[in-house]
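One structure below.
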Amino acid sequence: MTRSCPALFISSAGSHSGKTTVCAALAYYHRRRRRTVRVFKTGPDFIDPMILQAACQNPVYQLDLWMGGEKDCRRRLWEAAGEADLILIEGAMGLFDGSPSSADLAQTFGVPVLAVINCSGMAQTFHAVAHGLATYRPGLKMAGVLANGIASHRHGEMVKDGALPGLKYLGAFPAQQSVELPSRHLGLVQAEEVADLDLRLELAAQFMGSGDLSALPEPVEFFAEDAESLPDLLKGVRIGIARDAAFSFLYKANLDLLSDMGASLTFFSPLVDEALPEVDSVYLPGGYPELYLSSLEGNAAMKAGLFSHVEAGKPVYAECGGMLYLLEQLSDPAGQQGRMCGILQGHAVLGKKLSGLGYQSVQHPEGILRGHTFHYSHMDSPFAPAMMSIARNSGGSPEPVYQRGRLFASYVHLYFPSNPPAAASLFLPG
C-alpha cells in the first residue's frame, strides 16, 4: 500500500547554512495556511526538533538509517503521509556528510532535495557549489537551490545571474538578525528560551511566501511498513521523567515506545519540584544542567528523593546531563561549581571543546541498544565502569557505562526503538 504526499528534503553544503531556519519557515508558512505539516529531523538531534515542532505544531521525530533502521523510517513517513498536506525533512551537516548521510536518506525514500547554500562571501560561485551538490551522486533528486545570507539587493542579483541551466533557482533568503536563530555550544538555543520565536518564524515565513517555495512541492509516494506489535513489558510501571529547561533532550519516539509498552509516564522538574513523584523508575535525560547549577544544588529535597530511590534498589536510567546530575559536583566552563546528588562518585567539568561525538551502541542483557554521544564535558570518577560502549566509527571513542544496583548511566543518548525489550529492561522494577 502506498500513500502520496508532497515532500521536500532540506539540506546544504555544510552545517550552519540555515537549514533549520528555512525548514521552520516553510513549516510555519504552510501551517498558517491551514495545511497539516509534518516535519522530521535527520539523525540524532534534540534541539532542532524543538524549533521545528514550534513551527509546525506537530510532533517531530528523528529519521536515522542506523539508529532506527530503514523500516522505522519508512513506517514513520508512511504514517505521516496519511495525515499531512506536506512533509518536510531537515538534513544534518552537509548533504553527503556522514554514514549514513542525508543524501542516503533522501535517496532511499525518493524525496527531492532543496539545497540551502550560505552565500556569505560569495556570489556566482554559489552555482558552482550548487552544481556540485546536484551532480555528485547520480540518481539523487534535486528540487532546486536556495541562496541564504543575501546581504543586499545587488548581492542577490549577482547570485541569481550565475544560474546554471537544469537546476532550479528557488530564490534568496536575506541575512537578517531578526530571523536568525540564536545558538550555544550544543547547537541552537532551545525553543522555549527564544522569547520572540513566533515573531522570528513569522518574518522568515514572509520571505518563503514571496518566492517559488510558496507552492507545495511535487507529491512523493511512501510505501507501507507494518508496525511490529510491542509486548506490554512495562504494563503498570510508573516512570518518572525529568523534563524542564535543564533536562530536555528527549526523543518523542522514546516516550511513545515506553507508553506503547504499557508504562505510565509522569514528568517532574529537578529545578523546581520539591519531591520526586511516586514512581517505580526514573529517567534522567540529557540537557543543560551546567546552566542551572545554583537551582539544582539548592533543591535538596529532590536530591534526597533520588538518593532514597536508588538506595531502595529502584531503577534509574540517566544519560549525559542526567548522569552529570548524579555526580558529587559539576562545574561550568567559567569555573562555577555546584553540588549535585552525590549518588555517583566523581565530578565533571564543562569544557570549551567537544570531547565526545558519534554513534555508539551499548550491550544490555536483552541485547544491543543504539544511540549517539555528543558532549563537551569531561568526567572524573573513581567508580569503575561496568562496561564500555562500542563506537560505530573507527575514529570514535567508547564511552564508560556505569551501574550501581539498578542505576544505569552513561554519556550515550539511546534510541529506544532500536531494541524495545532492551529499553524496557532499563525500567523494570525488581
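Residue under question is D104, and the condition is that it be assigned by TED's automatic domain parsing to the domain that holds H16, of a type in the set (D, E, K, R) and touching a residue at least 60 places away in the same chain (Cβ under 8 Å); does it hold? Steps first, please.
Values: assigned by TED's automatic domain parsing to the domain that holds H16: yes; of a type in the set (D, E, K, R): yes; touching a residue at least 60 places away in the same chain (Cβ under 8 Å): no.
Answer is no for this residue.
Please work out which residue is farthest from the chain's Cα centre (by Cα), limiting yourself to the range 410-425 and to residues that are crowded, with 22+ Cβ neighbours inside 10 Å and of a type in the set (A, V, I, L, M).
A424
Anything in the range 373-392 that is farther than 27 Å from G335 by Cα, within 20 Å of the chain's Cα centre (by Cα) and not charged (D, E, K, R)? List them, or say none.
So the first thing to find is which residues in the range 373-392 are farther than 27 Å from G335 by Cα, and the list is 386-392.
From what's left, within 20 Å of the chain's Cα centre (by Cα): 391-392.
Across the range 373-392, the qualifying residue is only A391.
Taking the options A275, A318, A334, name whichever one is buried (at least 20 other Cβ atoms within 10 Å of the Cβ) and not hydroxyl-bearing (S, T, Y). Can you show your working first?
Values: A275 fails: buried (at least 20 other Cβ atoms within 10 Å of the Cβ); A334 fails: buried (at least 20 other Cβ atoms within 10 Å of the Cβ).
Being buried (at least 20 other Cβ atoms within 10 Å of the Cβ) and not hydroxyl-bearing (S, T, Y) holds for just one of A275, A318, A334, which is A318.
Does P421 satisfy being assigned to a loop (DSSP other than H, G, I, E, B), touching a residue at least 40 places away in the same chain (Cβ under 8 Å) and either in contact with a Lys or Arg (Cβ under 8 Å, 6 or more places away or on another chain) or under 29 Å from P231 (Cβ atoms) (or both)? Let's see the steps before the verdict.
Numbers: assigned to a loop (DSSP other than H, G, I, E, B): no; touching a residue at least 40 places away in the same chain (Cβ under 8 Å): yes; either in contact with a Lys or Arg (Cβ under 8 Å, 6 or more places away or on another chain) or under 29 Å from P231 (Cβ atoms) (or both): yes.
So P421 fails the test.
From Q57, Q62, which residue is touching a residue at least 60 places away in the same chain (Cβ under 8 Å) and not aliphatic (A, V, I, L, M)? Reasoning before the result, please.
On the way: Q57 fails: touching a residue at least 60 places away in the same chain (Cβ under 8 Å).
Just one listed residue meets the conditions, Q62.
Tell me the residue from G171, G156, G166, G121 that is at pLDDT below 90 and in a strand (DSSP E or B), please. Reasoning before the result, please.
On the way: G156 fails: in a strand (DSSP E or B); G166 fails: in a strand (DSSP E or B); G121 fails: in a strand (DSSP E or B).
Being at pLDDT below 90 and in a strand (DSSP E or B) holds for just one of G171, G156, G166, G121, which is G171.
Somewhere in the range 331-346, is a residue β-branched (V, I, T) and closer than 28 Å to G395 by Cβ?
Checking the range 331-346: not a single residue is β-branched (V, I, T) and closer than 28 Å to G395 by Cβ.
Is it true that Q363 is surrounded by fewer than 17 Cβ atoms within 10 Å (Cβ to Cβ), in contact with a Leu (Cβ under 9 Å, 6 or more places away or on another chain), touching a residue at least 40 places away in the same chain (Cβ under 8 Å) and polar (S, T, N, Q)? Step through it out loud before you land on a result.
Details: surrounded by fewer than 17 Cβ atoms within 10 Å (Cβ to Cβ): yes; in contact with a Leu (Cβ under 9 Å, 6 or more places away or on another chain): yes; touching a residue at least 40 places away in the same chain (Cβ under 8 Å): no; polar (S, T, N, Q): yes.
Criteria not met by Q363.
So which residues in the range 377-409 are surrounded by 15 or more Cβ atoms within 10 Å (Cβ to Cβ), closer than 17 Å to P315 by Cβ and of a type in the set (A, V, I, L, M), if there are any at all?
V401, L407, A409
On the basis of being of a type outside the set (S, T, Y) and either under 21 Å from P44 (Cβ atoms) or outside the structural domain of Q403 (by TED's automatic domain parsing) (or both), does L284 make the cut? Let's see the steps before the verdict.
On the way: of a type outside the set (S, T, Y): yes; either under 21 Å from P44 (Cβ atoms) or outside the structural domain of Q403 (by TED's automatic domain parsing) (or both): yes.
When the stated conditions are applied, L284 passes them.
Quick one: what pairs do we get from the range 123-151, first residue outside the structural domain of D97 (by TED's automatic domain parsing), second among the charged types (D, E, K, R), C-beta under 6 Å, 6+ apart or different chains?
That search, which allows pairs on different chains as well, returns nothing.
I'm told A318 meets every condition in (1) of a type outside the set (V, I, T); (2) under 23 Å from P333 (Cα atoms); (3) without any contact (Cβ under 8 Å) to a residue 60 or more places away in the chain except one. Can you identify the failing condition by its number?
Going through the list (1) of a type outside the set (V, I, T); (2) under 23 Å from P333 (Cα atoms); (3) without any contact (Cβ under 8 Å) to a residue 60 or more places away in the chain, A318 breaks only (3).
Could you tell me which of the residues L276, L233 is assigned to a loop (DSSP other than H, G, I, E, B), more than 24 Å from the chain's Cα centre (by Cα) and within 23 Å of D72 (Cβ to Cβ)? Walk me through it before giving the result.
Details: L276 fails: within 23 Å of D72 (Cβ to Cβ).
Only one candidate passes the filter, namely L233.
A quick yes/no check of all residues on (1) surrounded by 22 or more Cβ atoms within 10 Å (Cβ to Cβ); (2) assigned by TED's automatic domain parsing to the domain that holds S248; (3) among the polar types (S, T, N, Q):
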residue: F9; (1), (2), (3): yes, no, no
residue: S17; (1), (2), (3): yes, no, yes
residue: A24; (1), (2), (3): yes, no, no
residue: K41; (1), (2), (3): yes, no, no
residue: L52; (1), (2), (3): yes, no, no
residue: Y61; (1), (2), (3): yes, no, no
residue: K71; (1), (2), (3): no, no, no
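For the range 278-315, which residues satisfy the criterion of being farther than 17 Å from I239 by Cβ and crowded, with 17+ Cβ neighbours inside 10 Å?
The answer is G287, Y288, P289, E290, Y292, L293, S295, L296, N299, K303.
Could you check the range 279-299 and list, in sequence order, the residues that are closer than 19 Å to L407 by Cβ, more than 21 Å from the chain's Cα centre (by Cα) and not in a loop (DSSP other than H, G, I, E, B)?
Passing the criteria: S281, V282, L296.
The values are calculated or read from the model by the stated rules, or taken from the named source; none is laboratory data. From a predicted model like this one, the values you see are computed outputs, not experimental measurements. All Cβ positions, even for glycine, are placed from backbone atoms using ideal geometry, and neighbour counts span all protein chains on display.
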